[in-house]
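Take a look at the structure below.
The values are calculated or read from the model by the stated rules, or taken from the named source; none is laboratory data. Everything numeric here is computed off the predicted structure, so don't read it as measured data. Note that each Cβ is placed from the backbone with ideal geometry, even for glycine, and that neighbours are counted across all protein chains shown. Keep in mind that these areas ignore ligands, DNA and RNA; they rest on the heavy atoms of the full protein, side chains included. Shrake-Rupley method; radii C 1.70, N 1.55, O 1.52, S 1.80 Å.
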Amino acid sequence: MKKSVLMLATVATLSACGGGMGDKVISRSDDRGSRPSWAKEEKPLTRKGSDLYFLGQARIPAEKANISMGYRIAENNAKNSIAGAINQNLTYMFQNAEEGTTYDATQVQFVSTESAKALMSKAIPSDRYWEKVISTVSADGDKEMFYSVFTRIKISEADMKKAIDRTLNGHKGISEDLKKKAAQQWDLMVAEQYEITE
C-alpha cells in the first residue's frame, strides 16, 4: 500500500530538523532513558481510537536555549502541518473524482486553509519531549550542541471531517455530487492509510 499522502507535509517539516554526521543524546526531559515512541519523525501522523495526532519538531541552539519557546515553535509546526495534510488529501480526492480535473489548485488551497482555521480551536496539545544533542558536523570532528524539541497535538477525526465538510458545503463552486464523492474518498483514505499508534 502507498504511504498516506496525509504524511507528506509533516514529513517535509520534520526532515528539515535532522542532525549532523553523528548525533549523541546527552540528556532528556523528565530524565527519560529513551525517546518516547510517539516522537519519531517517520511517524508524523498517527491515530489512536477516534483521535488524530500531528507531530511537530523544532531544533534550537543549546546556548541560552529557551525550551518553552522550542515547544511553541514545535506546536506551531504541528498545527501548520494540518493545512498541508488537508491540502494533500483534498488534491488526491478531487483528482480521483470524476469532476476533479475542473477543481484547480487555488480552490484546493482555499478549502484547505479555511478547514485548518476552523480546526485550530479544536487542536489540543497532547505530549511534549526534548533531548539535548551533541552533533558532529564535519569530518574534522567539529561539534555543535542543540535541543531537539517535540510536541504532539490531538484532533478528533470527527472534528477534522466536519471542518472539511463545512468548508466544502460553503463553497458554491463545488457540486453536490463531487462533495459526496470527496466525502467517500476521505472515509476510505482514513480507514486505509492512517497509521495506528500505541
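Computed values, structure above
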{"read-out": "Set Ala116, Ala163: member being part of a helix (DSSP H, G or I), of a type in the set (A, V, I, L, M, F, W, C), in contact with an Asp or Glu (Cβ under 9 Å, 6 or more places away or on another chain) and buried (at least 16 other Cβ atoms within 10 Å of the Cβ)", "value": "Ala163"}
{"read-out": "Qualifying residue in segment 11-18 (condition: at pLDDT below 85, assigned to a loop (DSSP other than H, G, I, E, B) and open to solvent by 80 Å² or more (accessible area, probe 1.4 Å))", "value": "yes"}
{"read-out": "Qualifying position, being closer than 11 Å to Tyr129 by Cβ and either at pLDDT 95 or above or open to solvent by 60 Å² or more (accessible area, probe 1.4 Å) (or both), among Asp23, Asp30", "value": "Asp30"}
{"read-out": "Contacts under 7 angstrom Cβ, first residue in segment 68-86 being assigned to a helix (DSSP H, G or I), partner basic (Lys, Arg) and open to solvent by 50 Å² or more (accessible area, probe 1.4 Å), 6 or more apart", "value": "Tyr71/Arg128"}
{"read-out": "Unique residue being open to solvent by 40 Å² or more (accessible area, probe 1.4 Å) and either at pLDDT 80 or above or in contact with a strand residue (DSSP E or B) (Cβ under 9 Å, 6 or more places away or on another chain) (or both) when the list is Lys172, Lys143, Lys180", "value": "Lys143"}
{"read-out": "Counted residues, segment 33-67 - those being among the basic types (Lys, Arg), in a loop (DSSP other than H, G, I, E, B) and at pLDDT below 90", "value": "3"}
{"read-out": "Selection count where residues are of a type outside the set (A, V, I, L, M) and surrounded by 15 or more Cβ atoms within 10 Å (Cβ to Cβ), scope segment 43-71", "value": "12"}
